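Scroll down for the structure; my scribbles are underneath it.
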């Protein structure tokens, strides 16, 4: 999001250049790629194929959500480079999939998908202005807030019907070490962790997502796998349930944190890689904490842990003299 | 609230001009009017009559609360135009009614009313300074935070006794469509929605409040009714319980959002009216979400949905090129 | 924390002056003193003795936590005056004790203590940059957030085992007046309230802590006792349970608020003392509210009430013309 969306700046009058169908499709594919911070159309295409390998319906939702939020950004005349690079699409992609995962696929839910995807662009515009105070991007916070709003509302609005995947509201209780972690847990959990970024639990999808990352950047691909492994191992060491480790639910936030800090926001180097390692360890703890904190209201933690940890480590980065923040051109 | 209340600005020494009884009474009436964003003494007077038609006790509380918070502002030497226009009174009015609705009317509760109304002015001063960073006013957030503090404390302090109206702490569950919406639901719900801004559930009070709005501004009156209708219809469409729709609980936040955005903060026009329509629809969803989110701690959502949606739409407004924010003189 | 830690400032290259063992030990003792806002090595030493009088294990944890967070600050090259004055140690001291109070003393918990104490310095660095926007220090917020993260995570990570002192997650219910307050309640509660700042419930420890405060500053000592008395009396008046009053749980936040506003952040005077009195009364209410608000997720309120009330009263202070904020050199 550019400075143009700030609440305090005057808006320059910009003539709207026309968008060709091809240019728009390119922006949509890049928008899907940006869910994992990749400004790369082929990565986006492979991500769509990865989702479709697990669920064609969700692949359709991801494309639709990205298209709607990107079109909203075009209509609002958000600066062209941001739209072109897919920066106005990734929250729409995630909102669309999340609504279809956690709400019954009624006509009303599809209407909500359209409304929420368009709304995610507006929320992104509002948050970008707010967060400029602290010099950090909104990341996927607009997706989390928009989705939570719909999920919470199911408790008051009877026609918004949750699926069995939406956690029931419960009081958190102390966990016990549960299940035996085997090589299968680790091997499948590794790729499930990558696939869970798009709400998929599928080794094949995870492999395709990773492939898409390597097509865009070997560093991003390696960081994703490393993030998933670290998240999984730390969760195992601290006594997480085997089913959760296997499903990759302790992986996806670490994957995003690793890619974001390791290849997008910090200038790479050995000090940066140590910092990323630390961040992925912290992410596991924060993911567990966020999940428990929202349990009494029956919400999933989504990617809030990724957002919180990335913000924290961006704010703290200047204290570490060996770290350098990447320039604004690299930031999502 | 003016810049004078900021935590960072030096305070100029201002000679205290004396306040006549009449000028103070005028400021109090305007303060009650400002609960619906009206800087108009006749609107304030009609609002008091409207409350009294339903409950003389609450009318007394509203006047007392506004008088105390306005007097506190005078004592703190808040800039005279803000005090004169009632901008330091409306949070006190709402705190006073809320405490008497949700706490038993003991002597201690009345002492709390005095303390909380004075405190609301201090909280407003503190929040005004904070929110200047983001260029938005505190709206009724000081009322919500102050009231919540007392309601939560009832769980630890036995002499703060809640009434049966304070929601019991419960885990939110998925709602089912409940009850049949009839013309009575819609007709009465429309005016109950306006009356609920002052915690009243009464068609007569609702009509008097609307009359007060029309006396001050035909636009504000029309927007209030439109906001109430939209909130009610969207809630109905999404499957809210008939009793809630009838009682106007899905109306009052939409009423406030419509008045605030449609007649106070945005320069009117057809684009602004479409934006207001969108905001009132979003408000219904946010009202349901906030209500569910605070259910495990046993709180009512109060006007937090109004505050959140108004902030969001003010921050996002610059992204919409056809919208213009009203100048600072129009802002509450 | 100095401006050097801000996320937006460029970092000057500072040559690392070597730290002698004595200078480091001095910084650690001052760090323990800073838990009660005292930049005084003798106060810190007496605080360690006070903790040890009640529990040698916790005294060890406090020293270890302070040493680790101070060492982290040295390694990060935080500006020397901040480190020397103990400003990078007090959150580490509190995190270390809190983790050992609320988690079983396993090897893993001790590893968490080391990790969390070091992390508290990083969180402090990040928050200092954020809060500069509002011109307030982070106080003990880094301790609260870091500790809460571990406590919440016990619901997902089976090897993080809570002790019986961690509150079970429950829905808050309206309190009833419970137990009879006697002279013993008041006399012992007074000193327990001071001791609870360091999680101790012991009159002897409370006396030693108070002694340490008087050694550093008669004003701080008097304010601590006054804060504890006010917190206790207000809680009694509002109907808190006798066991809670006796244990000092309504005292420690008021103690910290009284010391912070009365001797650190405001220029003393009779107007400042009235303001401090008001703040300690508000603290009792906020302490009750925060405790109830986090009950459904099974957390203790820790010193969050102190942080919130101190911020609120610092933001509101400029509205009171007879108050003067102390210069930046006096701020923690």
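The values are calculated or read from the model by the stated rules, or taken from the named source; none is laboratory data. Source: prediction; values computed, not measured. Cβ: placed from backbone, ideal geometry, glycine included. Neighbour counts: every protein chain shown.
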Name the residue, out of A:195, A:168, A:175, A:153, that is over 24 Å from residue C:153 (Cα atoms) and out of contact with any strand residue (DSSP E or B) (no Cβ under 6 Å at 6 or more places or on another chain).
A:153
Residue selected from the range C:276-302 under the condition more than 10 Å from chain B (Cβ to nearest Cβ) and out of contact with any helix residue (DSSP H, G or I) (no Cβ under 6 Å at 6 or more places or on another chain), by the criterion surrounded by the fewest Cβ atoms within 10 Å (Cβ to Cβ):
C:277
Only one of B:306, B:313 is within 30 Å of residue C:295 (Cβ to Cβ) and buried (at least 24 other Cβ atoms within 10 Å of the Cβ). Can you tell me which?
B:306
Can you confirm whether the range C:286-299 contains a residue that is assigned to a helix (DSSP H, G or I) and touching a strand residue (DSSP E or B) at 6+ places or on another chain (Cβ under 7 Å)?
yes
For the range B:18-27, indicate whether the set of residues that are out of contact with any helix residue (DSSP H, G or I) (no Cβ under 6 Å at 6 or more places or on another chain) and within 28 Å of residue B:150 (Cβ to Cβ) is non-empty.
yes
Within the range A:157-169, take every residue that is touching a residue at least 24 places away in the same chain (Cβ under 8 Å) and buried (at least 16 other Cβ atoms within 10 Å of the Cβ) and give me the one that is farthest from the other protein chains (Cβ to nearest Cβ).
A:167
Could you please find all residues in the range C:233-248 being away from every other protein chain (no Cβ under 11 Å) and not in a helix (DSSP H, G or I)?
C:248
Of the residues C:115, C:191, C:151, only one is closer than 19 Å to residue C:36 by Cα and under 20 Å from the mean Cα position of the chain (by Cα); which?
C:191
Based on what the data block shows, is residue A:307 more than 8 Å from chain C (Cβ to nearest Cβ), closer than 19 Å to residue A:193 by Cα and within 17 Å of the chain's Cα centre (by Cα)?
yes
Tell me, please, whether a residue that is over 26 Å from residue C:141 (Cα atoms), assigned to a helix (DSSP H, G or I) and at pLDDT below 95 can be found in the range C:198-206.
no
Which members of the range A:253-280 meet the condition of being more than 18 Å from the chain's Cα centre (by Cα) and part of a helix (DSSP H, G or I)?
A:270, A:271, A:272, A:273, A:274, A:275, A:277, A:278
Take residue B:185 and decide whether it is touching a residue at least 12 places away in the same chain (Cβ under 8 Å), in a helix (DSSP H, G or I), closer than 30 Å to residue A:295 by Cα and not assigned by TED's automatic domain parsing to the domain that holds residue B:93.
no
Of the numbered conditions (1) over 16 Å from the mean Cα position of the chain (by Cα); (2) over 16 Å from residue A:21 (Cα atoms), residue A:58 satisfies every one except a single condition; which is it?
(1)
From A:111, A:125, grab the single residue that is out of contact with any helix residue (DSSP H, G or I) (no Cβ under 9 Å at 6 or more places or on another chain) and within 12 Å of chain B (Cβ to nearest Cβ).
A:111
Do we have any residue at all in the range C:212-224 that's in contact with a helix residue (DSSP H, G or I) (Cβ under 7 Å, 6 or more places away or on another chain), surrounded by fewer than 21 Cβ atoms within 10 Å (Cβ to Cβ), away from chain A (no Cβ under 14 Å) and at pLDDT below 95?
no
From the list C:2, C:6, C:69, C:53, exactly one residue is within 14 Å of another protein chain (Cβ to nearest Cβ) and at pLDDT 95 or above. Which is it?
C:69
Subset of the range C:118-145 [assigned to a helix (DSSP H, G or I), surrounded by fewer than 23 Cβ atoms within 10 Å (Cβ to Cβ) and over 19 Å from the mean Cα position of the chain (by Cα)]
C:130, C:132, C:133, C:134
Residue, nearest to residue B:66 (Cα to Cα), within the range B:99-111, restricted to residues that are in a helix (DSSP H, G or I) and touching a strand residue (DSSP E or B) at 6+ places or on another chain (Cβ under 8 Å)
B:109
Index of the failed condition, residue A:100 passing every other in (1) buried (at least 19 other Cβ atoms within 10 Å of the Cβ); (2) within 28 Å of residue B:314 (Cα to Cα); (3) touching a helix residue (DSSP H, G or I) at 6+ places or on another chain (Cβ under 8 Å):
(2)
Looking at (1) crowded, with 19+ Cβ neighbours inside 10 Å; (2) in a helix (DSSP H, G or I); (3) more than 14 Å from chain C (Cβ to nearest Cβ); (4) touching a residue at least 40 places away in the same chain (Cβ under 8 Å), find the lone condition where residue B:148 falls short.
(3)
Identify, from the list C:208, C:266, C:225, C:274, the residue that is free of Cβ contacts under 8 Å to residues at least 12 places away in the same chain and not assigned by TED's automatic domain parsing to the domain that holds residue C:94.
C:274
Restrict the check to the range B:251-262 and report whether at least one residue is in the same structural domain as residue B:308 (by TED's automatic domain parsing), surrounded by fewer than 20 Cβ atoms within 10 Å (Cβ to Cβ) and either touching a helix residue (DSSP H, G or I) at 6+ places or on another chain (Cβ under 8 Å) or in contact (Cβ under 8 Å) with a residue 24 or more places away in the chain (or both).
no
What is the residue count in the range C:230-240 for residues that are within 16 Å of residue C:201 (Cα to Cα) and surrounded by fewer than 24 Cβ atoms within 10 Å (Cβ to Cβ)?
0
Among the residues in the range A:175-186, are any crowded, with 24+ Cβ neighbours inside 10 Å and at positive phi?
no
